[in-house]
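Take a look at the structure set out below.
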Number of protein chains: 2
Amino acid sequence: MPHTVDPVDSVPSIILVRPQMGENIGAAARAMLNFGLTDLRLVAPRDGWPSRRAADMASGAFDRFTPQLYDDLASAVADRQMVMATTARRRDMVKPVYSANSAMTKLTSRTALVFGPERTGLENEDLALCHALITIPVNPDFPSINLAQAVLLLGYEYRRHYHETPPDHLPLGDSEPASQKDMEDFMRRLEAELEAGHFYRDANLKPTMQRNIRNLFMRGHPTAQEIKTLHGVVSALIGNKKRRL
Amino acid sequence: MPHTVDPVDSVPSIILVRPQMGENIGAAARAMLNFGLTDLRLVAPRDGWPSRRAADMASGAFDRFTPQLYDDLASAVADRQMVMATTARRRDMVKPVYSANSAMTKLTSRTALVFGPERTGLENEDLALCHALITIPVNPDFPSINLAQAVLLLGYEYRRHYHETPPDHLPLGDSEPASQKDMEDFMRRLEAELEAGHFYRDANLKPTMQRNIRNLFMRGHPTAQEIKTLHGVVSALIGNKKRRL
């Protein structure tokens, strides 16, 4: 369930993960601005940045906003409270799947919409950082849509929904959704403690186990207060030991 | 009022009037096929036909259908029963204006969706051949969308209205949702371990803390497999201690 949307920063960020072609970055930027989106984040663009091809395709969009560069998806989503990834392929993950239309009713303040590289799409490690997946209902016999066009469709859906449909929401009381950095810090600590506790018996399965645990917590979409509680839970479970030593 | 749609040929034709760039024709064809549209009609393409640039951008769509060529819009729409034109600019005409979304509820058998040339758009003479206009709700400060992207958005709306959109769902793979008894057993165990770890410092707050933790896990809606994983997590965190004792 989404949290209450703060109108001031409910406009989603667009994150392109390892985009290959500058043309697509530029066309995506143009499509974003067509629908009023201006927070573009680039994770390790293949051909570097800035890009002349991107500028050519942006039709002036880069005069209106400047993309931010990141080394990895984790840092690009660190300040986001809700992260949704578009994906064409079916994934073997227990994670909610929304249509592009329905996804817009799940927006929170500080949402990120994440798009993978052309052709290959997002890695499972990227998806583990996301709360939900978004599918676009394409012709199954010819499903491959261009990166910039996927951005365009989400921008269109965003604009179509924004003023019309009040989103579903989750009343938070005095708390607010955890930032992805808080989430990451908690996951790191939990993973370190699990390592110390010999939880990962089979080294080959460790990445899958980590992803599964992460997916479970992402689905819960903890508040900042709940992350503190989870730290307290871990401290109580391991700290108990320390007191007994 | 819409007429009854004949399912056999309710799929709209896409008509590009005097398109300038072959690239845009190819990208439009690809976008059409992404959403199951295959009747493309070209009115006097500027650079002639066939076009190598169009073929390059179509990503194989022209292997699946062949565009028909026309000298003017009147002949391109001769067999159509409903003709709607996309237009960015406001026109001084007494003609219904529909949103892209709403336009899909007006489809009849043999509908045409008409798109004008890049930059200039449709002439008033073209619009006189149309029953209605379609607008796409763009950012008024940056409204110009690419020809192929306009086709994409109408194709998307068509498919959204005439094909089932898969409902939101949570793919479970080989697992199944945990029973409430499994959930309850896990919560009991966790609460007992938290009690042992002196997690509940203030007895008055204990019921609230328990409820908060439970709510977080309920939101995640764990699978049966994930409940087993959570037991493993607790065992690792407390068992670690036992090994060290």
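What the table below lists for this structure:
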read-out	value
Rounded Å value of the spacing that divides the Cα centres of segment A:213-227 and segment A:106-142	19 Å
Top of B:Met84, B:Met218, B:Met104 by mean-square fluctuation, Gaussian network on chain B, Cα under 10 Å	B:Met218
10 Å beta-carbon shell around B:Gly220, net charge (K/R +1, D/E -1)	+1
Leading residue at positive end of dipole, chain B (Cβ point charges), from B:Phe217, B:Met32, B:Gly60	B:Phe217
Label-point gap, in nm, between B:Thr120 and B:Asp39 - each point 7 angstrom along Cα→Cβ	2.8 nm
Label distances, nm, A:Arg46 versus same residue in remaining copies, Cβ-directed 7 Å point	3.0
Globularity ratio of segment B:185-240, using Cα Rg and 2.2 N^0.38 Å	1.17
Nearest-20 debye value, chain B charge dipole, Cβ charges on Lys, Arg, Asp, Glu	1100 debye
Contour excess over end-to-end distance, with Cα ends at B:Thr165 and B:Trp49 and 0.36 nm allotted per residue	38.2 nm
Greater than 28 Å apart at Cα, pairs in A:Lys106/B:Lys206; A:Lys95/B:Lys106; A:Lys228/B:Lys228; A:Lys206/B:Lys206; A:Lys181/B:Lys181	A:Lys106/B:Lys206; A:Lys95/B:Lys106; A:Lys206/B:Lys206; A:Lys181/B:Lys181
Within 10 Å of each Cβ in A:152-162, the average number of Cβ atoms from other chains	4
Sequence-separation-based contact order of segment A:26-116, relative, with Cα cut under 8 Å and 6+ spacing, percent	30 percent
Segment B:151-209, dipole about Cα centre (Lys/Arg Cβ +1, Asp/Glu Cβ -1), debye to the nearest 20	200 debye
Two-decimal Rg/Rh across the protein assembly as shown, once Rg and the Kirkwood Rh are taken from alpha-carbon atoms	1.06
Selection from B:Ser179, B:Val138, B:Pro207 lying farthest towards where the dipole of chain B points positive, charges on Cβ	B:Pro207
Shape parameters for segment A:66-164, alpha-carbon atoms, Rg then Dmax in Å	13.2, 38
Size of charge dipole - the protein assembly as shown - debye, nearest 20, with Cβ of Lys, Arg +1 and Asp, Glu -1, no other charges	1560 debye
Shortest-first nm distances, B:Asn212 label point to equivalent points in other copies (7 Å, Cα→Cβ)	2.9
Antiparallel DSSP beta bridges within the protein assembly as shown, as percent of all bridges there, nearest 5	5 percent
Mean Cα-pair separation over length for chain B, i.e. relative contact order, pairs under 8 Å, 6 or more apart, %	21 percent
Shielding by other protein chains, A:224-236, mean Cβ within 10 Å	4
Alpha carbon convex hull of segment A:124-229, volume per residue in cubic angstrom	151 Å³
Degrees separating the helix B:206-220 axis from the principal Cα axis of chain B, which is the longest one	40 degrees
For segment B:31-54 and segment B:168-201, distance of Cα centres in Å	56 Å
D (Stokes-Einstein, µm²/s), Kirkwood Cα radius, segment B:1-144, 0.890 mPa s at 25 °C	158 µm²/s
Label geometry 7 Å along the beta-carbon vector: A:Ser175 inter-copy distances in nm	2.2
Positive-pole candidate from A:Thr108, A:Ser10, A:Leu153, dipole of chain A, charges at beta carbon	A:Thr108
Nearest-0.05 FRET efficiency for B:Tyr98 and A:Ala192, computed from C-beta distance (R0 60 Å)	0.55
Alpha-carbon spread of chain B, three principal axes, descending order, Å	88, 40, 39
Mean projected area (nm²) of the alpha-carbon convex hull when segment B:22-103 is viewed from all directions	6.6 nm²
Local electrostatic count, B:Arg46, Cβ distance below 10 Å [Lys/Arg +1, Asp/Glu -1]	-1
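None of the figures in this text is laboratory data; all of them are computed from the coordinates on show. Since we're looking at a predicted model, the values are computed, not measured. Cβ: placed from backbone, ideal geometry, glycine included. Neighbour counts: every protein chain shown.
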